[in-house]
Ligand SMILES: Nc1ncnc2c1ncn2[C@@H]1O[C@H](COP(=O)(O)OP(=O)(O)O)[C@@H](O)[C@H]1O
Ligand SMILES: [Mg+2]
């Protein structure tokens with residue numbers, strides 16, 4: 001099997017370890033056990049985006065579980081469902097709907113006077129910002145700090161196909177989790193994310209902190225997958241979570257039932273695995289703060305998106 005995952009010159013450098021040592025497979029629940037619900041150290045809302053340009057990789061499943069873990073730990077969590085399919089919105093029944101995410105893309109966003117501890121903004125956009133998305137990007141970037149005093153964490157689920165909406169997620173996030181499928185298109189999709197990170201990083205003062213790649217839907221008895229996993233490990237080492245998420249029916253069953261997988265007794269063993277997250281998620285990184293991005297650079301970014309020729313979202317209308 002070919003193991004030309006990342007072109008080492010560029011992408012490997014981007015997906016570099018930010019935690020000098022330690023095991024990336026520390027179980028999240030163990031980390032938060034015994035800690036105050038809202039650690040004093042937190043400065044502003046810590047924003048975690050889940051992104052890879054591939055449908056079915058597990059973005060929504062991982063994003064929802066991350067939100068559930070954080071909510072269970074007593075944090076104030078905002079979920080930003082930027083996928084038009086709104087699968088996460090359906091699953092997160094415990095989160096109170098703030099309606100469409102449109103106000104975040106408008107100038108001078110003012111948060112509602114009282115925000116529920118668990119809130120969700122959904123992508124109910126009908127393409128109204130597509131024609132002038134540079135402005136929408138400028139607005140969300142300027143608006144995001146208004147959420148700082150209301151939430152401890154913001155989890156962003158992203159659409160599977162590339163559009164300016166993915167840029168918005170990469171622009172405002174502090175941390176990025178990349179689910180990876182060990183199938184024929186997994187490597188290419190991850191390489192695309194890496195290139196997107198590079199593009200967006202040029203427009204950010206501080207680079208996106210890539211928490212790591214999470215292999216998902218892994219079948220331990222599939223030799224092809226195991227070879228691919230070994231190849232990735234060799235290439236990006238510590239930036240791969242050391243555990244992986246197995247392919248298990250109860251992940252999709254739990255999502256369909258709108259509950260975390262650990263609510264299903266049969267899935268207890270897997271529950272631990274789905275909670276694998278990096279300790280850095282819990283501790284603020286003062287070096288990794290959002291910074292002002294001026295409109296000129298947003299326009300440049302818009303040019304980059306145009307060059308990629310992936311501007312037109314596909315919309316489906318009912319006939320008749
Ligand atoms: N590890 C897994 N085992 C079994 N089913 C999974 C697993 N991860 C995700 N799924 C299911 O696969 C489908 C696609 O996952 P999803 O999270 O929606 O992907 P994405 O958001 O990247 O398109 C969903 O039905 C989801 O419940
Ligand atoms: Mg999804």
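I need the full set of residues from the stretch 158-196 which are assigned to a helix (DSSP H, G or I), within 16 Å of ligand 1 (Cβ to nearest atom) and either within 15 Å of residue 121 (Cα to Cα) or free of Cβ contacts under 8 Å to residues at least 60 places away in the same chain (or both), in order please.
The answer is 165, 169, 188.
Which condition number does residue 109 fail, the rest of (1) buried (at least 19 other Cβ atoms within 10 Å of the Cβ); (2) closer than 23 Å to residue 63 by Cβ; (3) out of contact with any strand residue (DSSP E or B) (no Cβ under 9 Å at 6 or more places or on another chain) being met?
Answer for residue 109: the failing condition is (1).
Output yes when any residue across the stretch 113-123 is at pLDDT below 95 and touching a helix residue (DSSP H, G or I) at 6+ places or on another chain (Cβ under 6 Å), and no when none is.
Checked the stretch 113-123: no residue is at pLDDT below 95 and touching a helix residue (DSSP H, G or I) at 6+ places or on another chain (Cβ under 6 Å).
How about the stretch 223-257: which of its residues are in a loop (DSSP other than H, G, I, E, B) and without any contact (Cβ under 8 Å) to a residue 12 or more places away in the chain?
Of the residues in the stretch 223-257, the ones in a loop (DSSP other than H, G, I, E, B) are 241-245, 247-248, 257.
Selection gives 257 alone.
Can you name the number of the only condition in (1) in contact with a strand residue (DSSP E or B) (Cβ under 9 Å, 6 or more places away or on another chain); (2) farther than 21 Å from residue 244 by Cα; (3) within 16 Å of ligand 1 (Cβ to nearest atom) that residue 155 fails?
(2)
Keeping to the stretch 215-234, report how many residues are modelled with pLDDT under 90 and away from ligand 1 (no atom under 13 Å from the Cβ).
The qualifying residues number 9.
Among the residues in the stretch 257-266, are any modelled with pLDDT under 80, surrounded by 14 or more Cβ atoms within 10 Å (Cβ to Cβ) and within 22 Å of residue 48 (Cα to Cα)?
Within the stretch 257-266, one or more residues are modelled with pLDDT under 80, surrounded by 14 or more Cβ atoms within 10 Å (Cβ to Cβ) and within 22 Å of residue 48 (Cα to Cα).
The values are calculated or read from the model by the stated rules, or taken from the named source; none is laboratory data. Remember, it's a predicted structure, so these values are computed and weren't measured experimentally. Reconstructed Cβ throughout: ideal geometry from the backbone, glycine too, with neighbour counts over all protein chains shown.
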